[in-house]
Amino acid sequence: MYRTRKSVVKRGIVCAAMLLLLTSCASTKYEGTAACVGRVCGLHGEPVENYQVSFCLGHCAVTGKNGMFLIPEIRAGTYTLKGKGTGWTSVEKEVSFIDRRSIVCVQVEPISAVYQRVESLLRSGLFDEADSLLKKEKVSNAESKLYQFYQQVIDYCRSPSDRKMRKISEKVMEETKYEL
């Protein structure tokens, strides 16, 4: 099809006008309220039930059997979504509300994976790193007997106790396999 120079210029002007219109709409700041719809899932995509999510504004929800949650009426802006659940790692994620609805996907791992990393750090003599890693999960798992056990082991390893006892505890940790 043969196009005249006039039609090409005309199409160019139309395209430029559409681009200008689209960019001006995209830069308009949303100032209303939004709903946050989300899903919390494990490492393999499995839904995580009874996981608590919240924003610092006091808005919160608990996931259902399908891992889904809904938090309505959040003012436009950027907030930190915090999540916790027994048996799962805690999470913090920045979420921006720039439209009437924001969709959030949160992936968490079983707390057993954290305990395995803590064991590895203890075996390497990295007691402060093990303590730091474990404390990140205190909010949702402090009541767990396994969490308390690892905290006691870390405290013992960090204490200025007899070196011989420390070596014994390292040997016990190395020889003992805990099924998580």
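Look at segment 35-47: where a residue is open to solvent by less than 30 Å² (accessible area, probe 1.4 Å) and a partner is assigned to a strand (DSSP E or B) and among the polar types (S, T, N, Q), sitting 6+ places away or on another chain with Cβ atoms under 8 Å, you get A35/S102; C36/S102; V40/Q107; C41/Q107; G42/Q107.
Within the option set V104, V108, V95, V62, being surrounded by 15 or more Cβ atoms within 10 Å (Cβ to Cβ), β-branched (V, I, T) and without any contact (Cβ under 8 Å) to a residue 60 or more places away in the chain holds for one residue only, V95.
Per the conditions (1) over 14 Å from H59 (Cα atoms); (2) out of contact with any helix residue (DSSP H, G or I) (no Cβ under 6 Å at 6 or more places or on another chain), the sole criterion not satisfied by F69 is (1). For segment 65-92, filtered to residues that are of a type in the set (A, V, I, L, M) and either without any contact (Cβ under 8 Å) to a residue 40 or more places away in the chain or under 14 Å from V106 (Cβ atoms) (or both), the residue that is most open to solvent (accessible area, probe 1.4 Å) is L70. Pairs meeting the criteria (first residue in segment 111-125 and without any contact (Cβ under 8 Å) to a residue 24 or more places away in the chain and under 21 Å from G83 (Cβ atoms), second residue open to solvent by less than 60 Å² (accessible area, probe 1.4 Å) and assigned to a helix (DSSP H, G or I), beta carbons under 9 Å, at least 6 apart or on different chains) are R117/A130; R117/L133.
Quick grid of which residues meet (1) in a loop (DSSP other than H, G, I, E, B); (2) under 15 Å from K138 (Cα atoms); (3) at pLDDT 90 or above:
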position	(1), (2), (3)
V53	no, no, yes
K65	yes, no, yes
F69	no, no, yes
Y79	no, no, no
T86	yes, yes, no
A113	no, yes, yes
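The values are calculated or read from the model by the stated rules, or taken from the named source; none is laboratory data. Quick caveat: nothing in here was measured; it's all calculated off a predicted structure. No Cβ is skipped: glycine too gets one built from the backbone with ideal geometry, and neighbour counts run over all protein chains shown. Heads up: the accessible areas ignore ligands, DNA and RNA and are worked out on the full protein's heavy atoms, side chains in. Shrake-Rupley method; radii C 1.70, N 1.55, O 1.52, S 1.80 Å.
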